[in-house]
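To keep things clear, I will list the structure first and then write my remarks on it.
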């Protein structure tokens with residue numbers, strides 16, 4: 001076989017082989033101190049930002065947030081009061097699937113919101129008795145973890161954030177959020 005044919009076969013093999021671009025060094029866009037923006041929506045937490053360093057392939061962004069809930073007890077007659085003790089800390093999660101076609105030059109924005117906690121709380125443990133109804137009426141978020149998978153099932157970035165003091169409804173001030181990223 002002559003050298004030209006070998007070169008042509010090699011070129012065709014490369015061109016026709018399925019391309020597999022793998023994420024390398026996935027990070028939050030904006031440099032080493034970049035962090036997501038958080039918004040406390042009452043019972044849920046929203047995180048937005050942009051990812052860089054992605055390869056070609058679908059992405060899954062998952063947000064897990066821990067919060068101190070505020071509970072309310074209502075008696076069978078419908079009269080409600082805030083109990084002396086609030087429910088134990090709660091973790092809520094949410095995710096956003098981003099298709100490969102939404103990634104441009106290795107970059108894509110994300111916007112993910114957790115689901116609300118399960119409420120009313122079964123058995124009304126913080127109320128006077130089990131005939132009352134205990135509901136979570138607000139959440140004060142204390143931490144959040146954003147996990148990025150590409151392809152789905154392979155974690156390429158984890159961003160762990162502490163929020164201090166805990167959130168109150170609205171935009172979470174950037175100065176109250178400290179994040180550490182790992183890949």
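Some notes on this structure:
- Residue in region 149-159 that is over 29 Å from residue 99 (Cβ atoms) and under 19 Å from the mean Cα position of the chain (by Cα) present: no
- One residue alone among 146, 163 is surrounded by 11 or more Cβ atoms within 10 Å (Cβ to Cβ), in contact with a helix residue (DSSP H, G or I) (Cβ under 7 Å, 6 or more places away or on another chain) and modelled with pLDDT of 95 or more, and that residue is 163.
- In this structure, residue 88 does not qualify as under 30 Å from residue 170 (Cα atoms), assigned to a strand (DSSP E or B) and either modelled with pLDDT under 90 or out of contact with any helix residue (DSSP H, G or I) (no Cβ under 9 Å at 6 or more places or on another chain) (or both).
- In a residue-by-residue description of region 96-112, the property of being in contact (Cβ under 8 Å) with a residue 12 or more places away in the chain, touching a helix residue (DSSP H, G or I) at 6+ places or on another chain (Cβ under 7 Å) and either surrounded by fewer than 16 Cβ atoms within 10 Å (Cβ to Cβ) or more than 17 Å from residue 41 (Cα to Cα) (or both) applies to at least one position.
- Residue 59 farther than 22 Å from residue 141 by Cα, surrounded by 15 or more Cβ atoms within 10 Å (Cβ to Cβ) and touching a strand residue (DSSP E or B) at 6+ places or on another chain (Cβ under 9 Å): yes
- The number of residues in region 40-56 that are over 23 Å from residue 26 (Cα atoms) and surrounded by fewer than 18 Cβ atoms within 10 Å (Cβ to Cβ) comes to 2.
- Any chance residue 37 is under 18 Å from residue 168 (Cα atoms), touching a residue at least 40 places away in the same chain (Cβ under 8 Å) and loosely packed, with under 15 Cβ neighbours inside 10 Å: yes
- Criterion applied to 119, 158, 133 was being under 25 Å from residue 178 (Cβ atoms), surrounded by 13 or more Cβ atoms within 10 Å (Cβ to Cβ) and touching a strand residue (DSSP E or B) at 6+ places or on another chain (Cβ under 6 Å), and the one residue passing it is 158.
The values are calculated or read from the model by the stated rules, or taken from the named source; none is laboratory data. No experiment lies behind these values; they were computed from the predicted model shown. Virtual Cβ from ideal backbone geometry, glycine too; neighbours counted across all protein chains shown.
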